[in-house]
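Q: Sending over a structure as structure tokens; questions will come in a sec.
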Amino acid sequence: MAITVDRSIRHWWVFVLRGVLFILLSIYVFLSPTSAYLALSFLFGLVILLAGIAELLHAYQNRGQGNRGWHLFIGLIEIILGLVLMSHLAASMDVLRVTIGIYFLFRGVSILNFRALARGSWWVILGGLIVLLFGILVLVNPAFGAVTVIIWTGMAFLVIGILNVMLGLRMKPQL
């Protein structure tokens, strides 16, 4: 199975770094679910903020692409959402389920948007669809509860992390 990716992306390492951060966050969530729930608002806000910065960096570096507007939009939304979550922890915990659901809807669409760079690779499409489905389930099913949100959030962070690392490594120019 040959997967081809556009290797013109200069900042491939941003995808790898973002992926590693999501993987580390997933490990924390799985090892400490109780404290993770208490800290999730801040940590989630920080990761979303960093993802937004990375998204804006991608949009800036790829000015000629037709989907640049979407990357600018998602980057700005992620930065605003990250700052709000980090500065209002008590309120964030009250709306965590909705915030996570909306965030993963945007993230799933963003991952699917990169499928063209990966030449329609099945793992990018599957990963984007899994993250989208997760976002929908979190939004429409309140019975998930805090424990389920923690478990599924950890799994979604892991999927996003792995996909970002794989995508970044595929974009790395060959020396």
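Q: Mind putting a number on the dipole of the stretch 26-175 about its Cα centre? Charges go on the C-beta only, +1 for Lys and Arg and -1 for Asp and Glu, and I need it in Debye to the nearest 20.
A: 520 debye
Q: Which entry is the computed Rg and Dmax of the Cα atoms in Å for this structure: (i) 15.9, 43; (ii) 18.0, 60; (iii) 15.7, 51?
A: Only one option fits the structure, namely (iii).
Q: Taking only protein heavy atoms and a 1.4 Å probe, what accessible area per residue, in Å², does the chain have with all protein chains in place?
A: Ligands and nucleic acids excluded, the figure is 49 Å² per residue.
Q: Report the local net charge at residue 127: Lys and Arg +1, Asp and Glu -1, summed over other residues whose C-beta lies under 14 Å from its C-beta.
A: In short, +4.
Q: How much accessible surface area, in Å² rounded to 10, belongs to the heavy atoms of residue 15 with a 1.4 Å probe?
A: My reading of the accessible area for residue 15 is about 10 Å².
Q: Quickly estimate the mean residue ellipticity at 222 nm for the chain, helices only: each DSSP H run with n ≥ 4 gives -39500 (n - 2.57), and the total goes over all residues, rounded to 500.
A: The per-residue figure over the chain is -27500 deg cm²/dmol.
Q: At a Förster distance of 45 Å, what's the computed FRET efficiency of residue 35 paired with residue 65, Cβ-Cβ distance as r, to 0.05?
A: 0.65
The values are calculated or read from the model by the stated rules, or taken from the named source; none is laboratory data. This structure is a prediction, so every number in the text was calculated from the model and none was measured. FYI the Cβ positions are ideal-geometry reconstructions off the backbone, even for glycines, and counts take in every protein chain you see. Each accessible area value is taken on the protein alone, full model and side chains, heavy atoms only, with ligands, DNA and RNA left out. Shrake-Rupley method; radii C 1.70, N 1.55, O 1.52, S 1.80 Å.
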